[in-house]
């Protein structure tokens, strides 16, 4: 209804924001259960750009949809590896009082 008017862009922004909130509020069965036990956001953030840039270099002239599809398939693998082998083990260090390590105080 707003196509061709000054409100067109604002209407699309509001629509996309609303759809993103609706999609994020849904439950997706096993995927939701898995995501509640893990935090892949940081790994996705860290590895997303390098994976995309590597794909662009390996496949010159690749369509954006192909880049998006390949990135969505590859980046979660790196994010899961990062969570499993780096982030989750590092979170165990949060329970340690640094004063106890530095000054050998009883915990």
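Since every read-out is calculated from the coordinates, none of them should be taken as a lab result. This structure is a prediction, so every number in the text was calculated from the model and none was measured. Every residue, glycine among them, receives a Cβ derived from its backbone with ideal geometry; neighbour counts consider all protein chains shown.
Remarks
- Overall shape: oblate for segment 20-97, with the ratio a/c of the largest to smallest alpha carbon gyration tensor axis at 1.5 or above and b/c at least equal to a/b.
- For segment 1-55: rounded, prolate or oblate by the Cα gyration tensor [a/c cutoff 1.5]: oblate
- Residues 71, 41, arranged from fewest to most other Cβ atoms within 10 angstrom of their Cβ, appear as 41, 71.
- Helix 64-82 axis versus longest C-alpha principal axis of the chain: approximately 10°, rounded to the nearest ten.
- Between helix 8-25 and the chain: long-axis angle, C-alpha atoms, 0 to 90°, nearest 10: 40 degrees
- If you plug the beta carbon distance of residue 12 and residue 95 into 1/(1 + (r/R0)^6) with R0 = 35 Å, you get a FRET efficiency near 0.15.
- Nearest 10 degrees, 0 to 90: helix 41-58 Cα axis against the chain principal axis: 60 degrees
- Estimated from helical segments only, the mean residue ellipticity of the chain at 222 nm is -21500 deg cm²/dmol, where each DSSP H run of four or more residues counts as -39500 (n - 2.57).
- Using the Cβ-Cβ distance between residue 84 and residue 27 with R0 set to 25 Å, the FRET efficiency works out to roughly 0.60.
- Label-to-label distance, residue 37 versus residue 49, with points set 7 angstrom from Cα along the beta-carbon direction: 3.2 nm.
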